[in-house]
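First up is the structure itself, then whatever we jot down about it.
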Amino acid sequence: VVRLGSIVAGFALGGAVAWYTAPGQQLLAFARDAVTETKKVAWPTRKESFQTTGAVFAFVIVMAVF
């Protein structure tokens, strides 16, 4: 119970620091901007990912032979 309380208190203190201090506000703004930029990325389809992975494996195997 004490261990769980310590963890909860630590998260609460960390949240308060992030919410009320200038560096904390900058960190929160950075995190929001990172999420926004991540949503703008044109992620590859599952098929493209598998094709690229296969090409990488083939290249690695060819290089390992030499």
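Compactness ratio for the chain: Cα radius of gyration over 2.2 N^0.38 Å (N = residue count) comes to 2.03. Compared with the dominant principal axis of the Cα atoms in the chain, helix 2-20 is inclined by about 90°. Take the Cα of residue 22, step 7 Å toward its Cβ, do the same at residue 3, and the gap between the two points is 4.0 nm.
Here, each number is a calculation from the coordinates, and none is a lab measurement. As the structure is a prediction and not an experimental result, all values here were calculated from the model. Cβ coordinates were reconstructed from backbone atoms using ideal geometry, including for glycine residues, and neighbour counts include every protein chain displayed.
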